[in-house]
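What follows is a short report on a single structure.
The values are calculated or read from the model by the stated rules, or taken from the named source; none is laboratory data. Bear in mind that the values here come from a model prediction, so they are computed numbers and not experimental data. Positions of Cβ are generated from backbone atoms using ideal geometry, with glycine treated the same way; all protein chains shown enter the neighbour counts.
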């Protein structure tokens, strides 16, 4: 099939630039600027197809610029055109090859248009999930964003009370339960808390919670407020606690509004999750609960788009880099870490739980820790690809996951835990060994940095002296005494 390639340099606020090439790489249409509208896209396609044989298809090539690519993908899919995406670093490298000291929209569009002819593997078909899955993924992102904002508000308030009333947060079991918030709302000014007294504090806090209040809580809070008043008795020219009280009041309003929004989003996520994945088979995998299930389903979408397990591992960025030359084959290289970072984080959390229930995963984790001397994080990362294989198998075959022993025979959860306890429990001394190894490396690095700082004061800037072994030992002895 004949193609005409349309390289599109997407603009977020400015107009897009397009370059149209035929199958021989010749420019067939003058540089085309257009906006995101159906009329402009129709005009571009009409010019690109002028003078072509019947059956010639258009292929849009673009970079993943924010969500600017999404309208093009919708237009291409609905009009029977192809649309592919090029990774930004690939386009960057090719642009540097064409022009080392030049960058503009015209050059970017030309680079994208010629990319399929130079390296067809550098392009990938843009996948569009169905409407429900797309909505689920956007809700998951919104949920994560609001969760982070709630955590940020709580961190700001905690940091505030560390200096306004030191020791206050230790009085509450939960620093942000209903009684704690009521105290913050009324008594963030320690002088006001002292003025209200123990009875005034008790009168405010007692009806604020459902559970019975600890009898000594008002006395503790009053004592902390009095100590803060002593500390800031002569600080009125530096700190206005009335403004602090108003600041806390606004922060609490924001916190409660975000928590209310988060509750609504969680309900919506659950509703979409039941429609997209009604069987919830993915939750049969240990470590994937009702919290991580919607996240995995939203990111993976249609499992059939991954032709093999390695494709899913590449998508998650959980494959090691490769560096081979001749007979040299480097091992232990870091992961590529391409793809959604949220996907890798959730996989790490799920794998850390799954290896405590699945003997086959526990064996991999055990060998990484005990036989290869890796730390906990490295062992989990080595186990993640095997969990990914299970996820893809469960989704493609639409069935629940069955725990199995090392020989592959089905077992119950109780039997699995017993096998792991007897055969694949990592001894504590092994964990201590990996921790001490990390600490030793950090310690040696601190010693070398200390030597560099000391020697830089006595030697010229361009000197490259290597510290002798006896001097390093002296610095290590000095460092041990100092620490």
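Here residue 170 meets the list (1) surrounded by 18 or more Cβ atoms within 10 Å (Cβ to Cβ); (2) closer than 16 Å to residue 224 by Cα almost entirely, failing just condition (1). In region 234-251 there is no residue that is in contact (Cβ under 8 Å) with a residue 24 or more places away in the chain and not in a helix (DSSP H, G or I). The residues of region 320-369 include none that are in contact with a strand residue (DSSP E or B) (Cβ under 7 Å, 6 or more places away or on another chain) and either touching a residue at least 60 places away in the same chain (Cβ under 8 Å) or not assigned by TED's automatic domain parsing to the domain that holds residue 286 (or both). The condition of being within 24 Å of the chain's Cα centre (by Cα), at pLDDT 95 or above, closer than 26 Å to residue 181 by Cβ and surrounded by 15 or more Cβ atoms within 10 Å (Cβ to Cβ) holds for only one of 262, 252, 272, that being 262. Among the residues making up region 118-129, those that are touching a strand residue (DSSP E or B) at 6+ places or on another chain (Cβ under 8 Å), closer than 18 Å to residue 81 by Cβ and not in a loop (DSSP other than H, G, I, E, B) are 123, 124, 125. Residues that are farther than 20 Å from residue 253 by Cα and without any contact (Cβ under 8 Å) to a residue 12 or more places away in the chain within region 142-171 comprise 162, 163, 170, listed in sequence order.
Can you say whether residue 387 is within 24 Å of residue 85 (Cβ to Cβ), at pLDDT 95 or above and surrounded by 21 or more Cβ atoms within 10 Å (Cβ to Cβ), as far as the supplied structure shows?
Spelling it out, it is not the case that residue 387 is within 24 Å of residue 85 (Cβ to Cβ), at pLDDT 95 or above and surrounded by 21 or more Cβ atoms within 10 Å (Cβ to Cβ).
Within region 284-293, is even one residue in contact with a helix residue (DSSP H, G or I) (Cβ under 6 Å, 6 or more places away or on another chain) and not in a loop (DSSP other than H, G, I, E, B)? Within region 284-293 (the criterion being in contact with a helix residue (DSSP H, G or I) (Cβ under 6 Å, 6 or more places away or on another chain) and not in a loop (DSSP other than H, G, I, E, B)), the answer is yes, since at least one residue qualifies.
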